[in-house]
Amino acid sequence: MTAYVIALVNVTDPDRYKEYSTLAAPAVKQYGGRFLVRGGVIEVLEGAFPFQRLVINEFPDAEQARRFYHSPEYQEARRRRLVAAEFNMIVAEGFTG
């Protein structure tokens with residue numbers, strides 16, 4: 001079942017965040033993922049969305065999404081991100097109905 005890694009982000013250091021993005025993108029691809037949303041304009045239609053960026057990656061399944069997250073490639077990117085952004089990330093399985 002398709003799974004999505006969703007990140008809600010507030011960038012605190014744009015230069016360091018760019019380093020993170022440069023490393024994270026190949027890791028997404030390496031583990032079978034692809035970007036569906038990567039930044040861009042966000043329009044709040046209802047409620048509050050206290051984040052600057054939204055990132056959504058699609059993976060073949062939740063296990064592959066977890067492999068990506070725990071991979072040495074992504075963990076190297078993550079180390080750089082820790083000082084560059086406030087970051088919330090989840091994995092969610094897709095709808096099959």
### Message
On the basis of being at pLDDT 95 or above, assigned to a strand (DSSP E or B), loosely packed, with under 13 Cβ neighbours inside 10 Å and within 14 Å of the chain's Cα centre (by Cα), does Ile6 make the cut?
### Response
no
### Query
Can you pull out the residues in region 13-46 that are of a type in the set (Ser, Thr, Tyr) and surrounded by 13 or more Cβ atoms within 10 Å (Cβ to Cβ)?
Tyr17, Tyr20, Ser21, Tyr31
## Note on the structure
Among (1) farther than 24 Å from Phe95 by Cα; (2) touching a Gly at 6+ places or on another chain (Cβ under 7 Å); (3) β-branched (Val, Ile, Thr), Thr2 falls short only on (1)
### Query
Among the residues of region 51-61, is any in contact with a Lys or Arg (Cβ under 6 Å, 6 or more places away or on another chain) and in contact (Cβ under 8 Å) with a residue 40 or more places away in the chain?
yes
### Residues of region 64-97 satisfying the condition of being part of a helix (DSSP H, G or I) and either without any contact (Cβ under 8 Å) to a residue 12 or more places away in the chain or among the basic types (Lys, Arg) (or both)
Arg66, Arg67, His70, Pro72, Gln75, Arg78, Arg79, Arg80, Arg81
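The values are calculated or read from the model by the stated rules, or taken from the named source; none is laboratory data. All values reported here derive from a predicted model rather than from experimental measurement. Please note: Cβ atoms are built from the backbone with ideal geometry, for glycine as well, and neighbour counts cover all protein chains shown.
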